[in-house]
Structures are given as C-alpha cells and as structure tokens.
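I have placed the structure first, in the form of structure tokens, so that the comments after it can refer back to it.
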Amino acid sequence: MSNATQTDRWTDSPRARWLAVAVYAVAMAWVESAVVLYLRTLTQRLDPATTTPLPPLERVTEAELVREAATLIMLGAVGWLAGRDRRTRAGYGLLAFGLWDIFYYVFLKPLTSWPRSLLDWDVLFLLPLPWWGPVAAPVSVALLMVLWGSLVTQLPPQRLQRSPPGLVWVLTALGVVLALYVFMADAIRVAPQGRQALQNLLPTRFNWLLFGCAWLLMATPVLHLLIQLTRRQPAQPTASQPE
C-alpha cells in the first residue's frame, strides 16, 4: 500500500475527523473570547455580574443576537460536514459546541482575568432571553456534549444500536427543557416588565437542585452508550475449515 493511500485513509478516518472538528472548535473559541473581550472593554464590564450587566446599546445588542445565531449555525455546519449519517453529524456538532464552550472560558481567563472561579455568574446566551448561570453549569453540560459526541463518532457502528430507545430521547429532551428553564428562569420572571428590566437583571441564586436533575436527564444518552459498551459482544462466527 502506498504512502499516499495510507495518508488518504487516515485523513478520512473518524479519528482525523474528530481532530479536525476539535481544532476548528478551539479556534472558534479563541475568536469568541476575543469578541467578548472587545465587547466588555467597550462597555467597561469585564465582569458581567455588575450593575446593568446588559448595557442599552441597541445596535450592538442586535448585532450580538445575530452573531450568536451565526455561531450556532457554524458549529452545526461543521458537524454536518464531518459526519456521515444523522448520528455522527449530531455527534460532531455537539463535540464542536462542547469544546467551543469549554475553551471559550479557558481563553477568556488570560484575556480578561475572568472568571475568577467556576462559580462566577455569566450571561451565557441572549436568545431568546438572557441565560444566566455560574460558569460551572454550562461547562458541565459541555462536558456531556464532548463525551457523547466522541463516543458516537469514534466507536465502530457494530458496537452501537441502530437507534437508542425512545425513552432515552424523551428523558434527554426533558433534561434540556429543565436546564433551559433554570438558565432563563429569572429572565422569564422579569420579561413582562420590558427590555429595561432584562437589561438590569442580575440573578444571585442558582437552582442547583433542579439543574442537577436536568443534568442527570441529559446524561441519559451517555449512560446508555456506556451500558452498551459493558455488554459482552457476541462472538463472530469463524469460517469452517475444509476437511
């Protein structure tokens, strides 16, 4: 086998695809951290948990909303391009999102000296309402994304069921809804008071109990995969030797 053929096989392998998606996600994380540095320097809010955390800069806010949506599209697109089927596309997409989220905070620390700890509050997203939570919360969800994405993209198809039971997806969806509620609970509460109330919102308490339940539910697909891996694989039939 020629070296060129071996190289082509490796570059098209799941491991190479994982590495390419990871490099892309980490690079995007640096871009995200740099953009946030610019925005927080512009608004003089390197620590988001300050008075009036969302300043009334309408054009900047509108651009930021579109940028967030564009970021999600970019992460989803790289997952679609890297995957070969629905499951691996979802896996690479979540892998990209998880690594992007984790390394965003890794890079933000030397750029802004923030967060000081994993318990510092952050504005996580603005769509459809501001999400608030300690840094540890989104990072823990991102770790689940990376783990599940790595498993479904790197394990041989014969080690995985064609499709997980419907109950797994129901529990996962319930966990996602609960987590979103926890992140946006304060914004939902003050939203009827108008934009000014959302801009001045500064939560101080996080519902760790409800979030923990949501996290466990979202971990269901990972647990399901790990259970599959612990099961004994059926022995492969061997070809009979001619007499």
Dipole of the chain, Cα-centred, from +1 at each Lys and Arg C-beta and -1 at each Asp and Glu C-beta, to the nearest 20 debye?
440
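Taking loop as defined by DSSP and a crowding limit of 15 other beta carbons within 10 Å, which trypsin sites (Lys or Arg not before Pro) in segment 86-124 fit?
Hits after loop and neighbour filter: Arg116.
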For Ser117, Ser13, which order do you get if you count the other beta carbons within 10 Å of each Cβ and list the fewest first?
Ser117, Ser13
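Net charge around Tyr104, counting only other residues with Cβ within less than 12 Å of its Cβ (Lys, Arg = +1; Asp, Glu = -1)?
-2
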Just to check I understand the Karplus step: with θ = phi - 60° and J = 6.51 cos²θ - 1.76 cosθ + 1.60, what whole-Hz values come out for segment 66-77, glycine and proline as x?
5, 5, 4, 4, 5, 4, 4, 5, 5, 5, x, 5
When the helices in the chain are scored as -39500 (n - 2.57) per DSSP H run of 4 or longer and the sum is shared across all residues, what 222 nm value do you end up with, to the nearest 500 deg cm²/dmol?
-22500 deg cm²/dmol
Log entry: pair-distance distribution for segment 68-118, C-alpha pairs binned every 5 Å from zero, whole % per bin is 5, 21, 22, 17, 14, 11, 7, 3, 0
With the Cα gyration tensor of segment 76-172 in hand, give its eigenvalues times 5 under a square root as the equivalent ellipsoid semi-axes, listed largest first in whole angstrom.
29, 15, 12
Return the long-range amide H neighbours of Gly133 (sequence gap of 5 or more, or a different chain), with a cut-off of under 5 Å between placed amide H atoms.
Asp122, Leu124
Rounded to 10°, Cα long-axis angle of helix 136-154 versus longest principal axis of the chain:
20
Segment 167-174 - phi-based ³J(HN,Hα) in whole Hz, Karplus 6.51/-1.76/1.60, Gly and Pro as x
4, 4, 6, 5, 5, 5, 4, 4
Convex hull over the alpha-carbon atoms of segment 3-230: what's its volume per residue in Å³?
143
Radius, Kirkwood style, for segment 161-210 when every pair of distinct Cα atoms is counted (Å)
13.0
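What net charge do the residues around Thr71 carry, taking every other residue with its C-beta under 12 Å from that of Thr71, with Lys and Arg at +1 and Asp and Glu at -1?
Numbers: positive: Arg67; negative: Glu32, Glu64, Glu68, Asp101.
Local net charge: -3.
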Taking 7 Å along the Cα-to-C-beta vector as the label spot, tell me the Ala27-Val170 distance in nanometres, rounded to one decimal.
4.3
By count of other Cβ within 10 Å, fewest leading, how are Ser113, Ser140, Ser150 ordered?
Ser113, Ser140, Ser150
How high is the relative contact order of the chain, given as a whole-number percent (alpha carbon pairs under 8 Å, six or more residues apart)?
21
Let me know the shape class of segment 128-229, please: from the alpha-carbon gyration tensor, a ≥ b ≥ c as square roots of the eigenvalues, rounded when a/c is under 1.5, otherwise prolate if a/b is greater than b/c, or oblate.
prolate
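Bear in mind these aren't lab numbers, they're just calculated from the coordinates by the rules spelled out. Computed from a prediction, not measured in an experiment: that's the story for all the values here. Please note: Cβ atoms are built from the backbone with ideal geometry, for glycine as well, and neighbour counts cover all protein chains shown.
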